[in-house]
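Data first, discussion second: the structure below is written as structure tokens.
The values are calculated or read from the model by the stated rules, or taken from the named source; none is laboratory data. None of the values given here were measured: they were computed from a predicted structure. Positions of Cβ are backbone-derived with ideal geometry, glycine not excepted, and every protein chain shown enters the neighbour counts.
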Amino acid sequence: MAIGCRDLALACVESLGAECYQSVKWALEEGYRHIDTAEWYENEAECGRAIRDWLAENPTAKRQDIFYTTKLMVNIDYDHALVAMNASVDISGLGYVDLYLIHGPQPTKEARLASWKACQEGVRLGWVRSIGVSNFGNHHFNEILEAGGPAPCTVNQIDLHPFMRREALVQHQRSHGVLLEAWGPLARGKRMNHPVILEVAKKHNKTAAQVFLRWGLQQGYSVIPKSVKHERIVENKGCFGWQLDKDDLAKLDVLDEHLVTDWDPSDDAWA
């Protein structure tokens, strides 16, 4: 059975070659329909090939059943972003990209806005269906909001989990129609043995990872866990079919410690 297309994605970060190809195939076979990669990950070709091969093996499935995300690695100028976007589409072999993100806000406002203008042109050209950002604080988001243009920002993919809630960012960007995607929904494994997580997991006969993912889903986020192991890919889809109750959420919602698991796009960074 296919999982809700946007709700749960396979993150293909730190996964190369045959390992990446196989993990994408496993995910599709297990019902995942959202595959998340990036120019930075150096595996767009493997992701695209795995999707194409899976579609060929499943003739009732169609390209539009798959939601494919990739990202611009570097903000330099308009022309660079346009060339990089076109290359990502070509490398995937999928005909178009469902969601194209600016991977980060660095280095300057001028570079960010030039990349954003190129992303909007990519929508007009039909290369990409929707556009957004990743790791943007409210300061960076407000810049593209003020710039306007024909295609809106639909997504911010950012580090979100019970130990990093970013309430001001979530509230502000949601008020402008942005979907928040959690690229680190498992807190990169740093709090898997936290007593509250384990207590809730035991109560529902679930794993710690499933509790993390369920929390993200009930916040209204898309969750994007990484795995190259078949058993973990199967485990992660166990976040569906059950609910955290009010008592669970009350315990989980007070765990925020601003736990930075990779890098923190604060409003003052990359001004």
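Residue under question is THR154, and the condition is that it be more than 20 Å from the chain's Cα centre (by Cα) and polar (S, T, N, Q); does it hold?
No: the conditions fail for THR154.
Can you find a residue that is within 21 Å of the chain's Cα centre (by Cα) and over 21 Å from ALA9 (Cβ atoms) anywhere in the stretch 48-71? Among the residues of the stretch 48-71, not one is within 21 Å of the chain's Cα centre (by Cα) and over 21 Å from ALA9 (Cβ atoms), which makes the answer no. Residue count for the stretch 88-111, restricted to those that are without any contact (Cβ under 8 Å) to a residue 40 or more places away in the chain, more than 19 Å from THR154 (Cβ to Cβ) and surrounded by fewer than 18 Cβ atoms within 10 Å (Cβ to Cβ): 3.
Just name the residue that is nearest to GLY132 (Cα to Cα) out of those in the stretch 154-169 that are out of contact with any strand residue (DSSP E or B) (no Cβ under 6 Å at 6 or more places or on another chain) and in a strand (DSSP E or B). The residue in question is ILE158.
Only residues that are β-branched (Val, Ile, Thr) and over 17 Å from the mean Cα position of the chain (by Cα): list them for the stretch 175-200, please. Matches in the stretch 175-200: VAL196, ILE197, VAL200. In the stretch 4-12 there is at least one residue that is within 29 Å of ARG124 (Cβ to Cβ), out of contact with any His (no Cβ under 9 Å at 6 or more places or on another chain) and of a type outside the set (A, V, I, L, M). Return the residue satisfying two criteria in turn: it lies in the stretch 72-111 and is among the β-branched types (Val, Ile, Thr) and closer than 23 Å to ARG33 by Cβ, and of such residues it is nearest to the chain's Cα centre (by Cα). Looking at the filtered set, the residue picked out is VAL97.
Residue-by-condition table, conditions (1) over 18 Å from GLN64 (Cβ atoms); (2) modelled with pLDDT of 95 or more; (3) surrounded by 24 or more Cβ atoms within 10 Å (Cβ to Cβ):
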position	(1), (2), (3)
GLY4	no, no, no
CYS12	yes, yes, yes
TYR21	yes, yes, no
ALA27	no, yes, yes
ASP36	no, yes, yes
GLU39	yes, yes, no
GLU42	yes, yes, no
GLY48	no, yes, yes
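One line per residue, one yes/no per condition, for (1) at pLDDT below 95; (2) more than 23 Å from GLU14 (Cβ to Cβ); (3) touching a helix residue (DSSP H, G or I) at 6+ places or on another chain (Cβ under 9 Å); (4) not β-branched (Val, Ile, Thr):
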| site | (1), (2), (3), (4) |
| --- | --- |
| GLY93 | no, no, yes, yes |
| VAL97 | no, no, yes, no |
| THR108 | yes, yes, no, no |
| CYS119 | no, yes, yes, yes |
| TRP127 | no, yes, yes, yes |
| ILE131 | no, yes, yes, no |
| GLN157 | no, no, no, yes |
| GLU181 | no, no, no, yes |
| VAL196 | no, yes, yes, no |
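Would you call CYS20 under 15 Å from VAL133 (Cα atoms), outside any loop (DSSP other than H, G, I, E, B) and touching a residue at least 40 places away in the same chain (Cβ under 8 Å)? So CYS20 does not fit the description; no.
Residue-by-condition table, conditions (1) touching a Ser or Thr at 6+ places or on another chain (Cβ under 7 Å); (2) not charged (D, E, K, R):
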site: ASP159; (1), (2): yes, no
site: LEU169; (1), (2): no, yes
site: LEU180; (1), (2): no, yes
site: ALA187; (1), (2): yes, yes
site: HIS194; (1), (2): no, yes
site: ALA201; (1), (2): yes, yes
site: LYS206; (1), (2): no, no
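Across the stretch 261-271, the qualifying residues are those that are under 18 Å from the mean Cα position of the chain (by Cα) and surrounded by 13 or more Cβ atoms within 10 Å (Cβ to Cβ), and the one among them that is modelled with the lowest pLDDT is PRO265. Would it be correct to say that LYS206 is closer than 30 Å to TRP26 by Cβ, among the charged types (D, E, K, R) and buried (at least 17 other Cβ atoms within 10 Å of the Cβ)? The answer is yes for LYS206. When the stretch 161-178 is filtered for residues that are farther than 26 Å from GLU143 by Cα and either touching a Lys or Arg at 6+ places or on another chain (Cβ under 7 Å) or free of Cβ contacts under 8 Å to residues at least 40 places away in the same chain (or both), only PHE163 remains. Among the criteria (1) closer than 21 Å to ASN86 by Cβ; (2) free of Cβ contacts under 8 Å to residues at least 40 places away in the same chain; (3) surrounded by 24 or more Cβ atoms within 10 Å (Cβ to Cβ), the one ASN156 does not fulfil is (1).
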